[in-house]
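What follows is a set of notes on a single structure, which appears directly below.
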Amino acid sequence: MWLKDSSIGRKFIMSITGLFLVLFLLFHGSMNLCLVIDDIFGTQGYNWICAMLGANWYAIIGTLVLALGVVVHFCYAIYLTIQNRAARGTDRYAMEARQEGVQWASKNMLVLGIIVIGFLVLHLYNFWYKMQFAELTGVETSMFDPQDGSAIVKGLFTNGVCGIIYCLLYLVWLVALWFHLSHGVWSALQTLGWSNLIWLKRIKVIGVIFATIAVGLFMVVTVYFLGVNIGSMM
Amino acid sequence: MATKKDTKVATTTKKVAAAKKATTTKKATATKKVAATKKVADVKVITPEMAKIPAGPLAEKWTNYKDHQKLVNPANKRRLDVIVVGTGLAGASAAATLAELGFNVLNFCIQDSPRRAHSIAAQGGINAAKNYQNDGDSVYRLYYDTIKGGDYRAREANVYRLAEVSNNIIDQCVAQGVPFAREYGGLLDNRSFGGAQVSRTFYAKGQTGQQLLLGAYSALSRQIGKGKVKMYTRYEMLDIVMIKDENGEERARGIIARNLVTGRIERFFGHAVVIASGGYGNTFFLSTNAMASNGSAAMQMYRHGAYFANPCYAQIHPTCIPKHGDFQSKLTLMSESLRNDGRIWVPKKLEDAKKLQAGEIKGRDIPEEDRDYYLERRYPAFGNLVPRDVASRAAKERCDKGYGVNNTGLAVFLDFSEAIQRLGKDVVAQKYGNLFQMYEKIVDENPYENPMMIFPAIHYTMGGIWVDYELQTSVKGLFCIGEANFSDHGANRLGASALMQGLADGYFVLPYTIQNYLSDQIGVPRMSTDLPEFAEAEKNVNDKIARLMAIQGQRSVDSIHKELGLIMWDFVGMGRTAESLKTAIKKIDALKKEFWSNVYIPGEANSLNNELEKALRLSDFIEIGRLMAIDALNREESCGGHFREEYQTEEGEALRQDDKFSYVACWKYTGEDSEPELIKEPLDYEFTERKTRNYKA
Amino acid sequence: MDSYINIKVRVWRQAGPKAQGHFETYELKHIFQGASFLEMIDILNEQLIAEKKDPIAFDHDCREGICGMCSMYVNGHPHGPDSAITTCQLHMRHFHDGETITVEPWRSRAFPVIKDLMVDRQAYDKIMQAGGFVSVNTGGVPDANAIAIPKPVADEAMDAASCIGCGACAAACKNGSAMLFVSAKVSQLALLPQGKIEAAKRAKAMVAKMDELGFGNCTNTGACAAECPKSVSLANIARLNREFLCAKFQD
C-alpha cells in the first residue's frame, strides 16, 4: 500500500490528518470564543453548542474520527521520525549551523507535537472527561453538570491561584501549538502539491496567518479568563 | 628558396626582437631547415584513401559513406562488446547510442558519476546550422567558418560532416528535454559568437555544457537501467590490450583499468575500444580543465601505435581570471560573451602600470586619455571581438612590455564602465550579472565599480590522436572521439564548436562508422581475460606502478607538475620560438629524470591513493609536453593556436606557410628513448579556397 | 582586503568505509585569504606529504562550481558558510585569523564514507537510472522547433535542471531526504512537453527508487534549498508531490 510504503504516501497521510485537525481546531476555537461572548453579554452560546454536540450520535462519530486522526497523525510522526533518523546514518555531524530561512519549528516538529499531545491529555481530563465522557457514561466526574460546559471552563480558569497556573500552562501549550502549526500548515499544503514559485512564499504566510488565527482564538479565551481571574482576586 | 624564407624571417623578427636575437633565430631556423629537407625523402604520407575519406562531392561524402558502409544486424549486435572510456559529451552519447542500437557497452569514468565529466563546464553554447534566425546560415557556411576559424588546418570532409549533423544534435537534445533558451514565441533562441557572421549558437543560460551533458547522461542512465550499459565509475584506464587476429594483425581487444577505490587492477574485454577521454590541457598544470582531466589515455593509444596528431595546437582563452598565487590549482574561465560589451585596456604610461602593480592605485583612477585600448587600436574592424588566439597574444604582448595591471603584472583590464554608461547598470547586470557575481566571489572586487582583470589561460587542445574518417585510429579496433581526437578544429577552435563536435561524434558519427569495423568481428567470440595478452598488459601496469611507488623521493607530484606547467607556459606557450622550444625539450628531459628519481608517493598502491593517480597522469603529461614541443618546433609557421614568433607579419599577425605546412603532423611512437617519427597527412583543399585571416578591416 | 591568516583545520579522518573515523586537527600558517578552500586543503596535503603522512582524500574536479564533485561539510554547512556556491568556490576570506575550521564528509546513510571526506553518491545515479530521462533513442526525433514551449516554462525547467547532483540537499537535510534532487529532475521533465508523456511513470519510479535506497522522508524544513549551491527551489518538491499523488490516484 503506497500510503504506507512510499515516502510521499506517508507524508500525504501526515498532511491530510494534520489539516483535518487544524480544521477541528478552528471549529473548537470559534466555539470557545462563545465563552467570552457569553461572559460579556450574558448569552448562552457555548452551552447551546455543547448541548448540540453532547452525546449525540454524530458528535460521538465526530469524536471517534477526531481521535483516529490524532492517533494516526501521532503514529505516523513516530514512524517517520524513526525512519528519518536511520536515514541520517550512524555518524552525526560534529557541528551543525543554522541555515538561513529555515524555521526552527520545522526541525522540531516531533518535540512540539509531543508537547501538544501531552497537554492534550491534560485538556481532555480537564474538560472532555467532565463533559462528553460524563454524559456518555453517566459517571459523575466532577462537581459540575456535564451539560454546563461554560461552568466547567470557568470553574477551572477562575479558580484562584490554581486557575492562574492552569491559564499559564495553557498558554505554554498554545505557544507550542502555534509553532507546530506555523510550519505544519504550509508543510501540509506543500506536501499536497499546492505550491509553485509564486505561491511558495504566499503559502508560508498563509500558514502562519492560519496558525495565528487558530491559536489566537484559544488565546483570547485563556487570556480573558486569566484577566477575569486576576481581577476577581484583587 | 632557403634565402627567400630567411629574408622573410628576418623582416618579421625585426619588430619583435633586437638585431642580435634575430640573427640567432635566423641561424637556428636555417640549421633546422637542412635537417627537415634531409628527412623529407623518407617521411611517410597518409593518403585520403588511407584516411578512408569517401569519394564524391563534399556535400555527398557522408551520405555516400552511410549508403555503402557495412552494418551489423540486431542479433549480432547482442554478441558484440564495446568498451567506451570516458563519459563526457562524446563518451556518454556514444555509449548510450551504441547501447540503444543493441551493442553491449562497458563504460568507464574516473569520477564518481558519469555526470561529472568536464564537458559539464562549457558555458557559452553549441553551434548548429539551423538557420532559425533566417540570417543566411547553412551547412556550408558553418563548414566554412569552422575551416577558416581553424586556420585551414582541418580535414575538409570531416568538418563538412560535422556541420551536416549539427542540426540533428539540436533536435536530439530538445527531444531529450534539454531546456535550451527560448524566445517569447516559444521557439529556440540563438546568440552570436566569435568567428561567425550569423547567430547560430544555441544555449541554456550560461550552462550549455552542463545541460547537454545531462541530456547525454540521462540517455546513458536509461541504458544502464536497462542493463545494456555496464557502468564503471571511479575506474581509470591504464592500458589498452592488443591481441593479434588470425592474420597476425594487432587489434585493440580490451583495457586494463584501476579501480580507484580499492586500487585493484582489473581486466576488461571488448570487441572494440572507444576512447573519449578529452584533452591534455592540464599539461600546463594551470588551465581551465578540471583537476582530473588528463592525457594518459591518449598516451596509451600513442604507445600502441596510434598517431598523435598536431599536439602543438592548444587554445588559449583570453578571458580567464588571472592567477593570484603559487598555490593556485586552476584557472577560471569567464565567458567569452563578456567581450561583447567590455573594453580591454592597459595603461598608456608605464608608471601608471607600476603603480597598479604595487597596488597604489586602482584601474578606475586612471583617466580616459591615459588608457590604451590596444585591441581597438590594433584591430579597428573587430576591436574587442577578435578571435581568441589574437586577443590572447595581444594581452601577452602588452604584459611582456610591462603594462600588466595586477601584482603579478600578468593581467589586463576588461572594463564595463562605458557599457554601464551606455546601457545602464540594470541592463549590464541582466546580461552578465552571474558572471560579475562569480568574479566578485573569486577576486573580492566589484566589477561594476572597478574594471575586471583578465588574463589568457590554456583552455582546449585541438590536437589529439589521429583518426580516419571513421574515427578509427591507426590501430585496428581502437576509436577515438571528442576532444581526444584531432579531427575537426584544425589549428584553432571556434567558440561553441567543442560541444558540437563531441555530440556529433558520439550520437551521429561513431555509432555508424564503428559498425563498418564491427561487421567483420561478428565471428569473433568473447575472449577470456585470462589470455596471456591480458596478463602481460596487467603486468606492465603493475610494474609501472611498482616503479613509481619505489622511488620514495623528496618531491610531491604537484610540485613537479607545477614545474612542468611553468616550462610549458614559458617556452611552449602563446609565443614560441625555435630556441624556446629547444630549451623546453631540454628542461622537460631533465624534469622527467627528476620525476622518475625524486617523486614521493605516500600510501599503498592497492588502496585509494590520489597521489599515485596524479603521478601516473603526470608521467604521461611529461611525455605529452615533450611531444608538444617537438611538434611546435617542427611546425615552422604560425597558425591558429600555434604562434611561432619567427613567423609573423610586419604587424605581428600570424603567418601561415601553406606551401610547406599544409599537413597534419602525425607522430608515431618508436620507443621510450627514441624520437617519434613524423608522418604527414597532406591537407589538399579541394573545395575551399585558403585565405589569410584578417580582423583589421 | 585579503590578507594572510593562520588557522586550524579539524578534519574527519576515516581510513575506509568500515573503519572508525575520528577528527584530527592541523595547523596551517600564512594562508592567503584569496585562496579557495580546496586550495587550502591542497596546501595542507602538501604539508602532510612533506611530513610523509597520508594526505586527506577528498572529491573535487572542475573547481568552478559545476561538476558537483566537491562535497565538504564546513563549519556546519554543506559547501561551507557562503551561500549559493560549492566548496570549490568557497574562499578563505570567509574565515578569520586563529579560527578552527571543522570539515566533515556528507553524512547520510545513502552516502557511505569511502575515505576521509570522500563519500559514495552512486545512489543519485541509481535514482536517475530508474527514470530520470525521456525515453527517446538517438535519431528519428522531430525538428527542434516543432514544439513551441512558452519561455517562462522553459526558464523554470532550466532552473530546475541546474541541479549539479552534488548531494548537499541530502547532506543538509536532518531527515537525509533526497527530495530536492529527485524533484528537480522530475520538475524539469514534467514542465517540458517532451517529458510530460511519461511524467507519471517517472515520478513513481524515481520516488520508489529513492525510498528503496534508504533516503529519509521529506518534512519540508527547507534546509536543502537553503544550502543548495544552485538555489534549486522548494517549489520543485511541491511539483513532485503533485505529480506523484496524481499518478497514484489515477492508478
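³J(HN,Hα) across the range B:180-190 via Karplus (A = 6.51, B = -1.76, C = 1.60, θ = phi - 60°), whole Hz, x for Gly/Pro?
For the range B:180-190, the Karplus-derived couplings read 4, 5, 10, 7, 5, x, x, 8, 5, 9, 10 Hz, x marking Gly and Pro.
What is the spin-label model distance, in nm, from A:ALA86 to A:ARG202 if the labels are put 7 Å beyond Cα along the C-beta direction?
4.0 nm
Using 0.36 nm per residue, how much length does the chain from B:ASP42 to B:GLN430 gain when fully extended, once their Cα-Cα distance is taken away?
Between B:ASP42 and B:GLN430, full extension yields an extra 133.7 nm.
Along the Cα-to-Cβ line of B:TYR685, 7 Å from the Cα, sits a label point; which residues in the range B:154-198 have backbone N less than 16 Å from it?
Backbone N within reach: B:154-160.
Take B:PHE436, B:PHE327 and sort them by solvent-accessible surface of the protein heavy atoms, 1.4 Å probe, largest at the top.
Values: B:PHE436 0, B:PHE327 40 Å².
So, going from the largest accessible area down, we get B:PHE327, B:PHE436.
If amide H atoms are built 1.01 Å from N in the plane of the peptide, which residues on other chains or at least 5 residues away come under 5 Å of the amide H of B:VAL241?
Under 5 Å from the amide H of B:VAL241: B:ARG253, B:GLY254, B:ILE255, B:ILE256.
In debye, nearest 20: dipole of the protein assembly as shown around its Cα centre with unit charges on the Cβ of K, R (+) and D, E (-)? Display every interim value, and only then the final one.
Numbers: 133 positive and 124 negative charges, 235 e Å.
The dipole of the protein assembly as shown has a size of about 1120 debye.
Out of residues 5 or more away from B:ARG182 or on other chains, whose amide H comes under 5 Å of its own, with H placed 1.01 Å from N in the peptide plane?
Hits under the 5 Å cutoff: B:ASP189.
Mind grabbing the base-10 log of I(q)/I(0) for the protein assembly as shown at q = 0.05, 0.07 Å⁻¹? Debye formula, identical points on the C-alpha positions, no solvent, two decimal places.
Computed log10 I(q)/I(0) values: -0.39, -0.71.
Quick one: work out Rg over Rh on the C-alpha atoms of chain A, Rh as Kirkwood radius.
Numbers: Rg = 19.8 Å, Rh = 19.6 Å.
Radius of gyration relative to Kirkwood radius: 1.01.
What accessible surface, in Å², does a 1.4 Å probe find on C:HIS22, ignoring ligands, DNA and RNA and rounding to the nearest 10?
For C:HIS22, the solvent-accessible surface is approximately 90 Å².
Computed from the mean reciprocal separation of all distinct C-alpha pairs, what Kirkwood hydrodynamic radius does the range B:129-201 have, in Å?
Result for the range B:129-201 stands at 13.1 Å.
Regarding the range C:122-250, what is the average projected area of its C-alpha convex hull, in nm²? Don't skip to the answer; put the middle values down first.
Numbers: hull surface 32.6 nm².
Its Cα hull, projected and averaged over all orientations, spans 8.2 nm².
Pick from A:TYR93, A:TYR170, A:TYR224 the residue whose mean-square fluctuation is largest in a GNM of chain A, springs joining Cα atoms under 10 Å.
Looking only at A:TYR93, A:TYR170, A:TYR224, the biggest GNM fluctuation is shown by A:TYR93.
Under the rule a/c < 1.5 gives rounded, and otherwise a/b versus b/c splits prolate from oblate, where does the range C:4-114 land using the Cα gyration tensor?
oblate
Going by accessible area, probe 1.4 Å, with all protein chains left in place, what is the ranking of B:MET291, A:MET233, A:MET31, largest first? If you can, show how the numbers build up before the last one.
Details: B:MET291 55, A:MET233 95, A:MET31 20 Å².
The most accessible residue leads, giving A:MET233, B:MET291, A:MET31.
Name the residue farthest towards the positive end of the dipole of the range A:88-160 from the options A:GLY138, A:ALA94, A:LEU122, assuming +1 on Cβ of Lys and Arg, -1 on Cβ of Asp and Glu, about the Cα centre.
A:ALA94
By how many degrees, 0 to 90 and rounded to 10, does the Cα axis of helix C:199-212 deviate from the longest principal axis of chain C?
Around 40 degrees separate the two axes.
Which trypsin sites (Lys or Arg not before Pro) does the range C:29-117 hold that lie in a coil by DSSP with at most 12 other beta carbons within 10 Å?
Taking the range C:29-117 and a limit of 12 other Cβ atoms within 10 Å, the loop trypsin sites (Lys or Arg not before Pro) found are C:LYS52.
C:ARG13's amide H: which non-local residues (gap 5+, or another chain) put their own amide H closer than 5 Å, with H modeled 1.01 Å from N in plane and none for Pro or chain starts?
When sequence neighbours closer than 5 places are left aside, the close amide H contacts are C:HIS22, C:PHE23, C:GLU24.
To the nearest 500 deg cm²/dmol, what mean residue ellipticity at 222 nm is calculated for chain A from DSSP H runs of n ≥ 4 alone, each contributing -39,500 (n - 2.57), summed and divided by the residues?
Theoretical 222 nm ellipticity from helices: -26000 deg cm²/dmol.
If a/c stays under 1.5 just call it rounded; otherwise compare a/b with b/c (prolate if a/b is bigger, oblate if not). Do that for the range B:320-457, with a ≥ b ≥ c from the square roots of the Cα gyration tensor eigenvalues.
rounded
Which value, in Å² rounded to 10, gives the accessible area of B:HIS459 with a 1.4 Å probe and all protein chains present?
Estimated to the nearest 10 Å², B:HIS459 gives 30 Å².
Kindly provide the Kirkwood hydrodynamic radius of chain C in Å, to one decimal, from all pairs of distinct alpha carbon atoms. Can you show the working numbers first?
Details: mean 1/r = 0.0511 Å⁻¹.
About 19.6 Å, per the Kirkwood formula over Cα pairs.
Given an 8 Å cut-off on Cα distances and at least 6 residues of separation, report the relative contact order of chain B as a percent.
Value for chain B: 20 percent.
What share of the DSSP beta bridges in the protein assembly as shown is antiparallel, in percent to the nearest 5? Could you put the intermediate results ahead of the total?
Numbers: 62 of 88 bridges.
Taking every DSSP beta bridge with both residues in the protein assembly as shown, the antiparallel ones total about 70 percent.
Please list C:PHE32, C:PHE215 in order of solvent-accessible area, largest first, computed with a 1.4 Å probe with all protein chains present.
Largest accessible area first, the list is C:PHE32, C:PHE215.
Along the range C:157-163, what does the Karplus equation 6.51 cos²θ - 1.76 cosθ + 1.60 (θ = phi - 60°) give for ³J(HN,Hα), rounded to whole Hz, x for Gly and Pro?
The phi angles translate into 4, 4, 4, 5, 6, 6, 3 Hz.
Step through the table entries B:LYS230/C:LYS248; B:LYS226/B:LYS476; B:LYS476/B:LYS660; B:LYS148/B:LYS660; B:LYS330/C:LYS52; A:LYS11/C:LYS18, compare each Cα-Cα distance with 22 Å, and write down the pairs that go over it.
Values: B:LYS230/C:LYS248 32 Å; B:LYS226/B:LYS476 30 Å; B:LYS476/B:LYS660 30 Å; B:LYS148/B:LYS660 18 Å; B:LYS330/C:LYS52 25 Å; A:LYS11/C:LYS18 33 Å.
In this structure, B:LYS230/C:LYS248; B:LYS226/B:LYS476; B:LYS476/B:LYS660; B:LYS330/C:LYS52; A:LYS11/C:LYS18 exceed 22 Å between Cα atoms.
Keeping all protein chains in the complex and leaving out DNA, RNA and ligands, what accessible area do you get for B:TYR160 with a 1.4 Å probe, in Å² to the nearest 10?
30 Å²
Just need log10 I(q)/I(0) for chain B at q = 0.06, 0.07, 0.11 Å⁻¹, Debye formula, equal scatterers on the alpha-carbon atoms, no solvent, rounded to two decimals.
-0.33, -0.45, -1.18
State which entries of B:LYS396/B:LYS668; B:LYS323/B:LYS362; A:LYS107/A:LYS154 exceed 25 angstrom in Cα-Cα distance in the structure shown.
Values: B:LYS396/B:LYS668 33 Å; B:LYS323/B:LYS362 18 Å; A:LYS107/A:LYS154 36 Å.
Result: B:LYS396/B:LYS668; A:LYS107/A:LYS154 exceed 25 Å.
What number comes out for the charge environment of B:LYS562, summing +1 per Lys or Arg and -1 per Asp or Glu over other residues with Cβ under 13 Å away?
Taking every Cβ under 13 Å from that of B:LYS562, the sum is -4.
Along the range C:54-61, what does the Karplus equation 6.51 cos²θ - 1.76 cosθ + 1.60 (θ = phi - 60°) give for ³J(HN,Hα), rounded to whole Hz, x for Gly and Pro?
Residue by residue, the range C:54-61 yields 6, x, 6, 7, 8, 8, 6, 8 Hz.
Reachable aspartates and glutamates from B:LYS244, Cα under 13 Å, same-chain residues fewer than 8 places away excluded?
B:GLU533
The values are calculated or read from the model by the stated rules, or taken from the named source; none is laboratory data. Since this is a predicted model, take the numbers as computed values, not measurements. Ideal geometry is used to build each Cβ from the backbone, glycine not excepted, and the neighbour counts take in all protein chains shown. Surface accessibility is based on the protein's heavy atoms, side chains included, excluding ligands, DNA and RNA. Shrake-Rupley method; radii C 1.70, N 1.55, O 1.52, S 1.80 Å.
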